[in-house]
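This report refers to the structure that appears directly beneath it.
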Amino acid sequence: MKYQREISLKNGSTCVIRNGAEQDAEAVLANFIETHRQSDFLTTYPEEITLTLEQEREYLRKKADSEREIELVAEVDGTIVGTAGIDQMGRAEKLRHRASFGISIDRAWWGVGLGRALVQACVECARKAGYIQVELDVVAANERALALYRKAGFVEYGRNPLGFRSRACGLQEIVLMRLEL
Ligand SMILES: CC(C)(COP(=O)(O)OP(=O)(O)OC[C@H]1O[C@@H](n2cnc3c(N)ncnc32)[C@H](O)[C@@H]1OP(=O)(O)O)[C@@H](O)C(=O)NCCC(=O)NCCS
């Protein structure tokens, strides 16, 4: 699925939101590892990310060629500052209507509208791909993300009180959210 759009951020910068491509692999991997170092709200610790550069290239190539999945990058002045994507929940026919959403943005770029733009872009792609529901899991203490998702129309459908066990703060509750398209 192809996507490309230019947006103005709240700090006056111009950002391009587009498909990640093979040649972005190094920057995407670096951004992914850095965002996972910065936030305790993501599933993996940076050292658990064992993807090689070649695997990242292959991942981005597959996503760019896919009709049903997408990996978007947010680029400001030639630097990749965040990524977001839509994955299918499963290959089985009974799951084909459901997509999952994920996002991570470099902390230096929080609060300028990038989250909102990436959510909108992914939802638009999910709709185009024919999904009827987008789903995500978010740590209950992640107020910024919760506000972003609620504004985009996601609603809570459950909670897992023992969702994550963080090294820093122990057990973390997870909120399950969904958006009907
Ligand atoms: C969560 C995350 C994607 C938000 O992205 P962002 O670029 O900061 O979001 P935006 O600037 O578009 O803000 C979106 C909304 O969040 C809300 N928000 C912004 N700052 C906030 C704050 N400090 N507290 C609560 N809500 C806040 C606002 O309501 C804003 O809505 P607005 O556009 O009407 O002002 C980003 O902080 C991030 O990548 N965090 C680390 C990884 C992560 O938590 N991923 C989500 C896992 S489920």
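The values are calculated or read from the model by the stated rules, or taken from the named source; none is laboratory data. Note that the coordinates shown come from a computational prediction; the quantities given were computed from them, not determined experimentally. Cβ sites come from the backbone with ideal geometry, for glycine too, and all protein chains shown count toward neighbours.
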Among (1) surrounded by 15 or more Cβ atoms within 10 Å (Cβ to Cβ); (2) within 19 Å of G102 (Cα to Cα), S13 falls short only on (2)
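Looking at E56, E71, E47, can you tell me which residue is part of a helix (DSSP H, G or I), surrounded by 19 or more Cβ atoms within 10 Å (Cβ to Cβ), modelled with pLDDT of 95 or more and not β-branched (V, I, T)? Let's see the steps before the verdict.
Values: E71 fails: part of a helix (DSSP H, G or I); E47 fails: surrounded by 19 or more Cβ atoms within 10 Å (Cβ to Cβ).
Exactly one of E56, E71, E47 is part of a helix (DSSP H, G or I), surrounded by 19 or more Cβ atoms within 10 Å (Cβ to Cβ), modelled with pLDDT of 95 or more and not β-branched (V, I, T), namely E56.
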Condition first: within 15 Å of the chain's Cα centre (by Cα), of a type outside the set (S, T, Y), away from the ligand (no atom under 16 Å from the Cβ) and under 19 Å from F32 (Cβ atoms). Can you find one or more residues in segment 70-78 that meet it? yes
Pull up segment 130-169, narrow it to residues that are among the hydrophobic types (A, V, I, L, M, F, W, C) and touching a Ser or Thr at 6+ places or on another chain (Cβ under 9 Å), then point me to the one that is nearest to T44 (Cα to Cα). F164
Segment 137-154: number of residues that are in contact with a Lys or Arg (Cβ under 8 Å, 6 or more places away or on another chain) and closer than 23 Å to I70 by Cβ: 4
Report yes if some residue within segment 56-64 is farther than 15 Å from N19 by Cβ and touching a residue at least 12 places away in the same chain (Cβ under 8 Å); otherwise report no. no
